[in-house]
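Undergrad: Sharing a structure below in structure tokens format, with a few things to ask.
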Amino acid sequence: MALLPVAEALRLLLDGAGPLPPERVLLHEAAGRVLAGPLTALRTQPPFDASAMDGFAARAADVADVPVRLEIVGVSAAGRGFRGEVAQGQAVRILTGAPMPEGADTVVIQENTRPLGSNAIEVFETVAAGRHIRRRGLDFSEGEMLLEAGRMLDAAALSLAASANHATLNVVGRPLVAIIATGDELLPPGSHLGPDQIISSNAYGVAAIASAAGARVLDLGIVGDDRGAIAARLAEATTAGADIVVTLGGASVGDHDLVHEVLGSQEVQLDFWKIAMRPGKPLMFGRRGGMRFIGMPGNPVASLVCSHLFLKPLVAQLGGRQVEHDRRPAVLGAPMAANDLREDYVRARIDIVDSGLVATPFGIQDSSMLRILADSGGLIIRPPFAPAAEKGAPCTILMLR
């Protein structure tokens with residue numbers, strides 16, 4: 001199978017990845033989710049004419065000529081409105097958000113009055129009718145469409161939904177990503193290592209990327225290089241209802257790289273295997289029904305770079321969102337050699353200068369070196385057959401942070 005260009009691999013991977021079926025969730029569980037349908041108001045807000053200030057509800061005609069004395073006949077507070085009517089020469093003490101009493105058509109702010117004993121005030125500034133009043137329905141009216149389908153539910157959208165009296169929301173389903181690490185040499189963090197063993201690290205980073213993109217993550221742990229064991233773990237992912245199964249390792253062509261063979265035995269139809277990129281050449285992708293299978297390389301950096309490029313947009317699209325990779329122009333902080341047929345993603349330190357961004361590649365790019373990735377602000381994208389480039393030459397970077 002020929003090496004597939006990165007852009008074509010991404011196109012195949014995202015093809016047909018429409019939003020998952022909707023589900024209804026409690027309002028407090030909906031942060032970061034995507035609306036599956038339009039949201040309309042179940043009430044009118046505000047539900048009554050309300051005061052926008054602390055002061056006195058009065059008749060504009062009574063305060064057209066000042067100074068003037070008004071009799072205080074009651075109080076209107078939020079949640080405890082005044083039930084009487086304001087007559088000529090009268091006023092009601094009113095607090096912000098409280099209902100306007102009948103008969104009053106303006107609010108005199110507190111600063112423009114002075115008390116005359118306990119039951120009267122003097123008003124010394126004129127106020128026009130309608131001043132400092134929030135009219136009924138100023139924000140929205142019952143039945144009005146407030147949010148369109150596809151809206152990501154951020155803080156403002158959630159507060160609006162709550163104000164419109166929605167206790168639950170219909171949202172696009174969250175993809176379930178099952179992660180399986182493969183390899184006889186792997187042990188979980190905290191283990192006592194034998195002379196030929198290493199720590200399994202990939203799953204934690206891949207899970208973090210998937211979760212940040214909106215997925216639920218099911219970590220199915222480590223499985224050895226055994227066909228039956230790998231098949232059994234894939235069956236667990238199927239039983240759990242995984243939308244995406246990510247295997248880590250075993251994707252290449254060595255004697256112990258068994259994932260490709262096992263996926264074939266499980267009737268997974270491969271869309272591609274091996275792409276023209278570095279790191280991440282052995283990436284494979286296939287489908288079985290509605291499930292998608294991504295076979296990641298075992299090298300830690302390769303699996304994380306592939307997760308940024310492929311897993312993140314797939315999770316987002318299944319969850320009803322679109323993820324645009326954060327690509328930015330920069331200049332090189334060091335010269336780079338000519339590239340071969342593969343698209344390179346080169347770990348780099350990113351510095352902000354007056355003229356923009358400077359991307360300085362790290363000298364060693366071995367795909368096992370996580371520390372360099374952790375120190376990288378971005379990846380320099382080198383197209384296939386890119387010529388040698390001098391320091392200061394323009395480049396494109398994929399921002400990681």
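Undergrad: By average Cβ neighbour count within 10 Å, what is the ranking of 267-274, 282-289, 74-81 from highest down? Provide the component values of the computation, followed by the final result.
TA: Numbers: 267-274: 16.5, 282-289: 19.6, 74-81: 14.9.
Final packing ranking: 282-289, 267-274, 74-81.
Undergrad: In sequence order, what are the phi-derived ³J(HN,Hα) couplings for the stretch 358-368 according to the Karplus relation 6.51 cos²θ - 1.76 cosθ + 1.60 with θ = phi - 60°, rounded to whole Hz, with x for glycine and proline?
TA: Rounded to whole hertz, the list is 10, 10, 10, x, 6, x, 10, 10, 4, 6, 9.
Undergrad: Pick from R216, R69, R136: which residue has the top mean-square fluctuation in a GNM of the chain where Cα pairs under 10 Å get a spring?
TA: Its mean-square fluctuation being the largest, the pick is R69.
Undergrad: With a cap of 15 neighbouring Cβ atoms within 10 Å, and only residues DSSP puts in a loop, list the chymotrypsin sites (Phe, Trp or Tyr not before Pro) found in the stretch 42-99. Intermediate results must be reported in sequence, preceding the final value.
TA: Working: sites: F48, F56, F82; in loops: F48, F82.
Taking the stretch 42-99 and a limit of 15 other Cβ atoms within 10 Å, the loop chymotrypsin sites (Phe, Trp or Tyr not before Pro) found are F48.
Undergrad: So what's the back-of-envelope 222 nm ellipticity for the chain, counting only DSSP H runs of four-plus at -39500 (n - 2.57) apiece and dividing by all residues, rounded to 500? Present the calculation step by step, with values, prior to reporting the outcome.
TA: Working: 8 runs with 69 residues, N = 401.
Estimated from H runs of four or more residues: -5000 deg cm²/dmol.
Undergrad: Can you match Rg and Dmax of the Cα atoms in Å to one of these, (i) 38.0, 127; (ii) 20.1, 59; (iii) 31.7, 97, based on a calculation from the structure here?
TA: Only one option fits the structure, namely (iii).
Undergrad: Moving on to the next point. Starting from the Cα of I364, step 7 Å along the direction of its Cβ; do the same at E85; then give the gap between the two resulting points in nm.
TA: Those two pseudo-labels are separated by 8.9 nm.
Undergrad: Here's another thing I want to ask about it. Could you check which residue among G221, G280, G84 shows the biggest mean-square fluctuation in a GNM of the chain with a 10 Å Cα cutoff?
TA: Comparing G221, G280, G84 in the GNM, the peak value goes to G84.
Undergrad: Follow-up. What full-extension length gain, to one decimal in nm, is calculated for A155 and R136 as 0.36 nm per residue of separation minus the Cα-Cα distance? Display every interim value, and only then the final one.
TA: Values: separation 19, 0.36 × 19 = 6.84 nm, distance 2.41 nm.
Computed gain between A155 and R136 is 4.4 nm.
Undergrad: Right, something else. Take every DSSP beta bridge with both residues inside the stretch 328-399 and express the antiparallel ones as a percent of the total, to the nearest 5. Walk me through the numbers before you get to the answer.
TA: Numbers: 20 of 22 bridges.
Around 90 percent antiparallel, to the nearest 5.
Undergrad: Percent relative contact order of the chain, based on C-alpha pairs within less than 8 angstrom and at least six residues apart? Could you put the intermediate results ahead of the total?
TA: On the way: 947 pairs, mean separation 65.0, N = 401.
Relative contact order for the chain comes out at 16 percent.
Undergrad: Counting other Cβ atoms within 10 Å of each Cβ, which chymotrypsin sites (Phe, Trp or Tyr not before Pro) in the stretch 296-401 have at most 13 and sit in a DSSP loop?
TA: Within the stretch 296-401, the qualifying chymotrypsin sites (Phe, Trp or Tyr not before Pro) (loop, at most 13 other Cβ atoms within 10 Å) are F385.
Undergrad: How much FRET efficiency would the formula 1/(1 + (r/R0)^6) give for A162 and A338, where r is the Cβ-Cβ distance and R0 is 56 Å, rounded to 0.05? Don't skip to the end; give the middle numbers.
TA: On the way: r = 57 Å, r/R0 = 1.03.
Rounded to the nearest 0.05, the efficiency is 0.45.
Undergrad: If you don't mind, there's one more thing I want to ask. Subtract the Cα-Cα distance of A374 and L12 from 0.36 nm times their separation in residues, and report this length gain in nm to one decimal.
TA: On the way: separation 362, 0.36 × 362 = 130.32 nm, distance 2.94 nm.
Taking 0.36 nm per residue and subtracting the Cα distance, the gain is 127.4 nm.
Undergrad: How much length, in nm to one decimal, is gained on full extension between A386 and A240, taken as 0.36 nm per residue of separation minus their Cα-Cα distance? All intermediate terms of the calculation are to be shown ahead of the outcome.
TA: Working: separation 146, 0.36 × 146 = 52.56 nm, distance 4.44 nm.
Length gained between A386 and A240: 48.1 nm.
Undergrad: Sorted by packing (mean other beta-carbon atoms within 10 Å per residue), highest first, where do 113-126, 85-98, 189-202 land?
TA: 85-98, 113-126, 189-202
Undergrad: Run the quick spin-label model on L116 and E324: label points 7 Å from Cα toward the beta carbon, then report their separation in nm to one decimal.
TA: Result: 6.3 nm between the two label points.
Undergrad: Hey, another quick one. Gaussian network model of the chain, Cα springs within a sub-10 Å range: biggest mean-square fluctuation belongs to which of T106, T182, T40?
TA: T106
Undergrad: Let me ask something additional. Using a basic spin-label model with each label point 7 Å from the Cα along Cα→Cβ, how many nm lie between V353 and E148?
TA: Output for this residue pair reads 4.2 nm.
Read the figures in this text as sums done on the coordinates, not as results from a lab. Nothing here was measured: the structure is a model prediction, and the numbers come from that model. Here the Cβ is made from the backbone with ideal geometry for all residues, glycine too, and neighbour counts use every protein chain on show.
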